[in-house]
Amino acid sequence: MNFLHRQNNSLAEGILDAFPSGSYALSGLLRLLDIVGTDRVPTAAVECRIQPRLLINPKFVEEHADTPEKLMMLVMHELHHVLLGHTTLFPRVTKVQNFVFDAVINGILSRMFPRPEYTAIFTGIYSAERFPECLLRPPPDWPDNAEQIAPALEALPKQHRARVQEVHAALYSSAGASYDEVYAVLPKILVNLRLDDDFLTGIPLLGDHSEKALPDGQLENISPMLFDIVRELVEQWPQP
């Protein structure tokens with residue numbers, strides 16, 4: 001039985017309980033968002049509408065986000081997609097772009113909350129032994145051993161290995177890695193290794209990114225209250 005059921009709380013109350021008390025302006029966010037448990041999305045999604053909704057798949061929570069720390073990271077991952085404009089960057093988002101979005105966000109959140117009980121949501125879903133999913137999680141023994149390299153990267157062809165290792169290390173360093181830095185490397189590597197969008201289909205991503213398209217403009221225009229609340233929320237988060 002998962003953490004939410006053990007606490008006998010509603011989904012919204014469980015999410016509220018997952019965050020440190022009185023922090024992150026979460027009560028304001030929960031007043032604005034309708035939080036809906038649904039199997040319509042595989043993991044989670046924010047619907048950016050006049051009345052925005054946070055969609056959460058209860059089965060995914062039970063299997064992969066069954067502690068307060070993991071649940072908090074799942075919600076924060078979704079909010080970062082909104083805040084960083086991933087809902088508006090491209091008219092149609094490809095699987096490679098979604099993968100890169102998640103790699104950058106998972107790196108940001110891991111640096112903000114490096115304790116293993118928080119990063120466990122990433123290390124529990126993604127294997128360090130498989131490429132490219134190893135880019136979606138910290139290396140083994142991180143952050144205690146910052147020089148550690150994911151085993152899957154050691155197995156890459158020599159001509160690609162150093163650059164990919166550099167980007168992965170940057171994702172989990174104090175400097176971080178930008179979307180452009182990751183995107184400049186990953187698609188070329190996938191092509192050279194004969195791995196395409198279809199290959200990425202088997203790698204679960206945190207969030208149903210297709211649910212969140214904003215065809216009519218920027219978030220601040222479509223849902224200005226959501227934009228303001230999320231911005232206030234993130235301003236209170238620990239900064240890497």
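Go through the residues of region 43-57 one by one and say whether even a single one is in a helix (DSSP H, G or I), open to solvent by less than 30 Å² (accessible area, probe 1.4 Å) and at pLDDT 80 or above.
no
Given the criteria over 18 Å from P204 (Cα atoms), surrounded by 17 or more Cβ atoms within 10 Å (Cβ to Cβ) and either at pLDDT 90 or above or out of contact with any Lys or Arg (no Cβ under 9 Å at 6 or more places or on another chain) (or both), does E69 qualify?
Considered against the rule, which asks whether it is over 18 Å from P204 (Cα atoms), surrounded by 17 or more Cβ atoms within 10 Å (Cβ to Cβ) and either at pLDDT 90 or above or out of contact with any Lys or Arg (no Cβ under 9 Å at 6 or more places or on another chain) (or both), E69 comes out as yes.
Here's the yes/no breakdown for (1) without any contact (Cβ under 8 Å) to a residue 12 or more places away in the chain; (2) part of a helix (DSSP H, G or I); (3) open to solvent by less than 60 Å² (accessible area, probe 1.4 Å):
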residue: A146; (1), (2), (3): no, no, no
residue: L153; (1), (2), (3): no, yes, yes
residue: E166; (1), (2), (3): yes, yes, no
residue: G176; (1), (2), (3): no, no, yes
residue: E181; (1), (2), (3): no, yes, no
residue: A184; (1), (2), (3): yes, yes, yes
residue: I189; (1), (2), (3): no, yes, yes
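Right, P138: in contact (Cβ under 8 Å) with a residue 12 or more places away in the chain, open to solvent by 20 Å² or more (accessible area, probe 1.4 Å) and within 27 Å of E181 (Cα to Cα) or not?
no
Of the listed requirements (1) modelled with pLDDT under 80; (2) of a type in the set (A, V, I, L, M); (3) over 26 Å from L71 (Cβ atoms), L219 misses just one: (3).
The values are calculated or read from the model by the stated rules, or taken from the named source; none is laboratory data. It should be emphasised that the depicted structure is a prediction, and the values quoted were computed from it without experimental measurement. Glycine also receives a Cβ, built like all others from the backbone with ideal geometry; neighbour counts cover every protein chain displayed. The area values use the complete protein model at the heavy-atom level, side chains included, leaving out ligands, DNA and RNA. Shrake-Rupley method; radii C 1.70, N 1.55, O 1.52, S 1.80 Å.
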